[in-house]
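The values are calculated or read from the model by the stated rules, or taken from the named source; none is laboratory data. On a predicted model such as this, the values are computed, not experimentally measured, just so you know. Neighbour counts run over all protein chains shown; Cβ positions are idealised from the backbone, glycine included. Accessible surface is based on the protein model in full, side chains and every heavy atom, while ligands, DNA and RNA are left aside. Shrake-Rupley method; radii C 1.70, N 1.55, O 1.52, S 1.80 Å.
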Amino acid sequence: ARAQGAVAAILEGQRTSCAELRSLLGLLEHLVVMVGGDRSLMDGLRGSNFRRGELRGPATTMVFEESQMERFRDWRRRLLHLAGCHFSTALWSSGVAAPPLSAVVASGGLL
């Protein structure tokens, strides 16, 4: 929900600071696999204004180019249509093969 909201705000033209963009990009980096993507989904999202923000500080307003807006539209589509699930759902799913535990981990009582 946080990623969807931040991407929607950018696409709606709301002010986005360098700090907010950095936070969003970190989150999207973690979601790449969840939406069936690869590193190419992150191509061009930082852009020249990100470097400007790094020089001028975290409150610097980001100005997005059309290529970046297109990439954010792709992210919005993916986030809305390729939703993942909470990791615990997958962890306890009968459809997910559980790897064998080492003797040390198995004897710990956590699992």
- [ ] Would you check if ALA6 is open to solvent by 30 Å² or more (accessible area, probe 1.4 Å) and either of a type in the set (S, T, N, Q) or not in a loop (DSSP other than H, G, I, E, B) (or both)?
- [x] yes
Task: The lone exception for SER88 - which of (1) open to solvent by less than 80 Å² (accessible area, probe 1.4 Å); (2) of a type outside the set (A, V, I, L, M, F, W, C); (3) modelled with pLDDT of 65 or more; (4) part of a helix (DSSP H, G or I) it fails - done: (3)
Task: Count - residues of the stretch 9-19 that are in contact with a helix residue (DSSP H, G or I) (Cβ under 7 Å, 6 or more places away or on another chain) and surrounded by 15 or more Cβ atoms within 10 Å (Cβ to Cβ) - done: 3
Open item on the list: Tally up the residues in the stretch 20-50 that are under 18 Å from ARG73 (Cβ atoms), in a helix (DSSP H, G or I), among the small types (Gly, Ala, Ser) and open to solvent by less than 50 Å² (accessible area, probe 1.4 Å), please.
Closed with: 1
Open item on the list: Every residue in the stretch 26-68 that is in contact with a Leu (Cβ under 6 Å, 6 or more places away or on another chain) and free of Cβ contacts under 8 Å to residues at least 24 places away in the same chain, please.
Closed with: VAL32
Task: Checklist (1) among the hydroxyl-bearing types (Ser, Thr, Tyr); (2) buried (at least 16 other Cβ atoms within 10 Å of the Cβ); (3) at pLDDT below 85 applied to SER94, failing item - done: (2)
Task: Failed condition for ARG56, given (1) open to solvent by 50 Å² or more (accessible area, probe 1.4 Å); (2) closer than 14 Å to ILE10 by Cα; (3) at pLDDT 90 or above - done: (2)
